[in-house]
């Protein structure tokens, strides 16, 4: 759902306050309200956050996992008046610390995140599989996951020569990640651990 009002440029978006707690993505200058999501959606995000944090410690990487806390300025239709707020962003801790005194937005002149994950909901499935795939590839994000509770499927997109190649994982298939090579994660684990 788009909010009916004049288009905003990126600077206006960063200052926009409507007096509510509603969060918005900016897409081609239009405010798009972010829904709260189902309990399942939140449980998947929490499970992935915890799982990735453990693996980061085991890899001895200085990375941080951030659920819906970082915006990514993104191209859409040749314009830069788009800001996505992914369900999970993995980035170097140093880069996260550099955002402490400004808007938590990864700008176009900054290194892209290490990994971005979107958890599909009924209202975001087209955007997650298509629009964001195109936008994130232009930004040079090396790995992008679409975790789909509607289909019990994980799709990992890997950047190869400017385009994403995809691999789908269902059931007990181990989701192979170049970013997290030691991770032994299956779709059944992700979607089967939702009650905890």
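The numbers here are math on the coordinates, done by the rules we state, and not lab data. Keep in mind that this is a model prediction, so the values were computed, not measured. Neighbour counts are summed over all protein chains in view; Cβ atoms, including those assigned to glycine, are modelled from backbone coordinates with ideal geometry.
Note: relative contact order over the chain, using C-alpha pairs below 8 Å and six or more positions apart, is 16 percent.
Compared with the dominant principal axis of the Cα atoms in the chain, helix 39-59 is inclined by about 70°.
For the chain, what log10 I(q)/I(0) values come out of the Debye formula at q = 0.08, 0.12, 0.17 1/Å, with one point per alpha carbon and no solvent? These q points yield log10 I(q)/I(0) values of -0.25, -0.58, -1.21.
In plain terms, the residue of 84, 50, 133 with the fewest other Cβ atoms within 10 Å comes first and the most crowded comes last, giving 50, 133, 84. When DSSP beta bridges are restricted to pairs lying wholly in the range 47-196, around 80% turn out antiparallel. Nearest 5 is fine: what % of DSSP beta bridges in the range 99-161 come out antiparallel, could you say? For the range 99-161, the DSSP antiparallel bridge percentage is about 60.
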